[in-house]
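Asker: The structure is given below, and queries will be raised subsequently.
The values are calculated or read from the model by the stated rules, or taken from the named source; none is laboratory data. No experiment lies behind these values; they were computed from the predicted model shown. Here the Cβ positions follow ideal geometry from the backbone for every residue, glycine too, while neighbour counts run over all protein chains shown.
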Amino acid sequence: MTSPIWHPFTQHGLGEPIPLVTRAEGAALYTAEGDRIIDAISSWWVTTHGHADPRIMAAIAGQAGKLDQVVFAGWTHEPAETLAAGLVAMMPDPLAYVFFSDSGSTSVEVALKMALGFWANRNAARHRIVVMEHSYHGDTIGAMSVGARGVFNQAYQPLLFDVATIPFPEPGREQATLDALEAHCREAPAAFIVEPLILGAGGMKTYTPALLAEMRAICARRGVLFIADEVMTAWGRTGSLLACDQAGVVPDILCLSKGLTGGAVPLAVTLATGPIFEAHLSDDRARMFFHSSSYTANPIACAAAAANLAIWREEPVLARVADLGRRQQVRLDMLAGNPKVANARRLGTIAAFEIEGAAGYLSSVAPRLMGFARERGVLLRPLGNTVYVMPPYCTDDDDLDAIYAMLGEFLSSE
Ligand SMILES: *Cc1c(COP(=O)(O)O)cnc(C)c1O
């Protein structure tokens, strides 16, 4: 029987296999056919500690026995209160308010609406958003509008809103990026949104903490709201709790999702500073923040995230992350000797390189490598000719060896 399911980012016309997964634990997925698959991309960047973390699973089960769901407009519940207090305590100081949503994309939509509302409620005509070239912020219309234009959103381009784009700071060309930001900020835009230190879907492109700090300083000096999209980079992915921590910067608005629940269930938050909350504070209902979704702050998802925060408080997560980074680096260094490997780089737990001679997102090397990996028990999803390894923090040496041996074998077979 063929399935009625329409999968995301899948060309069903190619008839590629769609394995049936029945169980996950630690660094691996298990299929109905009995195969163990190493999850080398943390199930699309969400799984942090490992699959089915016992503390997070227990929190979900416990909460499911108490309160499943309640409207969050005008009502509250203990898992949301615990989580919000925990987030404010854990995140940098001025980020004192927590708004809940369900995915990275919606956390970005909320961030953009907060920034626009901030200016609208001050009667300032500031609507323009400044973005960085090659950025990715999600697949809803607003999130696509502030992201890179390409084959992924060509059909929708007539509806995407205009933004001001600064060039990606390629090594040696950083000043052009700063100059462009400075120039756009002089035109009084509403906000600048950026992925700190590494552009994920844009090809795992990295830039320095010093540059992030300079961009933050320009926005502060020009009174432009600084939105950090840490949907991928937070929760230890880049080696620190937030990527912003490495630059010593604090955004006005912060987007978190993916690893917020350890990757177990969907949840997102957008954190804001006092002035952004206060711009919406009034005895006039017309100035409230007009945003909600049916499952805002779902109690079961909040309980999972609260358990993740407890893990962060009580376990040496950053030490695990540093160790995984070092163990990836050794293997990446060995692979980098291969002439087909270009621009090998690593940030925290993320290792990446380009395959020489293959180009573009639709380049055929990506599906070939994906299939090659799947047949050898590894889940990998290259971004065109950019290959990256982003495993859960519990991944052991045997699994890392298997991932990198498979990559070496593929490169020799090309
Ligand atoms: C994945 C991602 C998003 C979108 O998150 P979804 O949960 O897939 O909607 C937004 N921003 C960044 C930086 C991401 O990596």
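For every residue, the table says whether it meets (1) aromatic (Phe, Trp, Tyr); (2) within 22 Å of residue 203 (Cα to Cα); (3) free of Cβ contacts under 8 Å to residues at least 24 places away in the same chain.
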site	(1), (2), (3)
111	no, no, no
130	no, yes, no
144	no, yes, yes
155	no, yes, yes
162	no, no, no
173	no, yes, yes
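Asker: What is the residue count in region 42-55 for residues that are more than 30 Å from residue 383 (Cα to Cα) and surrounded by 13 or more Cβ atoms within 10 Å (Cβ to Cβ)? Talk me through it step by step, then tell me what you get.
Answerer: From region 42-55, those more than 30 Å from residue 383 (Cα to Cα) are 54-55; that's our starting set.
Of the ones still in play, those that are also surrounded by 13 or more Cβ atoms within 10 Å (Cβ to Cβ) are 55.
Count: 1.
Asker: Hey, could you check region 164-187 for residues that are assigned to a loop (DSSP other than H, G, I, E, B) and more than 15 Å from the ligand (Cβ to nearest atom) and say which is surrounded by the most Cβ atoms within 10 Å (Cβ to Cβ)?
Answerer: Once the filter is applied, the top-ranked residue is 169.
Asker: So, one more: When both residues are 6+ apart or on different chains and their Cβ atoms are under 8 Å apart, which pairs have a first residue that lies in region 372-390 and is touching a residue at least 60 places away in the same chain (Cβ under 8 Å), and a second that is among the polar types (S, T, N, Q)?
Answerer: So the pair list comes out as 379/43; 384/363; 389/328; 390/42; 390/349.
Asker: Whether any residue in region 225-233 is within 21 Å of residue 184 (Cβ to Cβ) and either free of Cβ contacts under 8 Å to residues at least 24 places away in the same chain or of a type in the set (Phe, Trp, Tyr) (or both) is what I want to check.
Answerer: yes
Asker: Evaluate region 55-78: report whether one residue or more is modelled with pLDDT of 95 or more, among the aliphatic types (A, V, I, L, M) and touching a strand residue (DSSP E or B) at 6+ places or on another chain (Cβ under 8 Å).
Answerer: At the first step, the residues of region 55-78 found to be modelled with pLDDT of 95 or more are 55-78.
Now narrow it down to the ones that are among the aliphatic types (A, V, I, L, M): 56-61, 64, 67, 70-71, 73.
Checking which are touching a strand residue (DSSP E or B) at 6+ places or on another chain (Cβ under 8 Å) leaves us with none.
Scanning region 55-78 turns up no residue that is modelled with pLDDT of 95 or more, among the aliphatic types (A, V, I, L, M) and touching a strand residue (DSSP E or B) at 6+ places or on another chain (Cβ under 8 Å).
Asker: If residue 22 satisfies every condition in (1) assigned to a loop (DSSP other than H, G, I, E, B); (2) more than 28 Å from residue 152 (Cα to Cα) but one, which is the exception?
Answerer: Only one criterion is unmet by residue 22, namely (1).
Asker: Considering 31, 48, which residue is within 16 Å of the ligand (Cβ to nearest atom) and in contact with a Pro (Cβ under 7 Å, 6 or more places away or on another chain)?
Answerer: Within the list 31, 48, the selection yields 48.
Asker: Being surrounded by 13 or more Cβ atoms within 10 Å (Cβ to Cβ) and either closer than 21 Å to residue 403 by Cα or under 24 Å from the mean Cα position of the chain (by Cα) (or both): is that true of residue 33 here?
Answerer: Numbers: surrounded by 13 or more Cβ atoms within 10 Å (Cβ to Cβ): no; either closer than 21 Å to residue 403 by Cα or under 24 Å from the mean Cα position of the chain (by Cα) (or both): yes.
Judged against the criteria, residue 33 is not a match.
Asker: Having 2 or more residues that are under 15 Å from residue 228 (Cβ atoms) and within 13 Å of the ligand (Cβ to nearest atom) is the bar; report the helices (runs of 4 or more DSSP H) wholly within region 66-159 that clear it.
Answerer: 104-120
Asker: Continuing with the same structure: Run down 352, 342, 373 and say which single residue is within 28 Å of residue 14 (Cβ to Cβ), touching a Leu at 6+ places or on another chain (Cβ under 9 Å) and assigned to a strand (DSSP E or B).
Answerer: On inspection, the qualifying residue turns out to be 352.
Conditions tested, residue by residue: (1) away from the ligand (no atom under 16 Å from the Cβ); (2) touching a residue at least 24 places away in the same chain (Cβ under 8 Å); (3) surrounded by fewer than 24 Cβ atoms within 10 Å (Cβ to Cβ).
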{"residue": "248", "(1), (2), (3)": "yes, yes, yes"}
{"residue": "268", "(1), (2), (3)": "no, yes, no"}
{"residue": "280", "(1), (2), (3)": "yes, yes, yes"}
{"residue": "287", "(1), (2), (3)": "yes, yes, yes"}
{"residue": "303", "(1), (2), (3)": "yes, yes, no"}
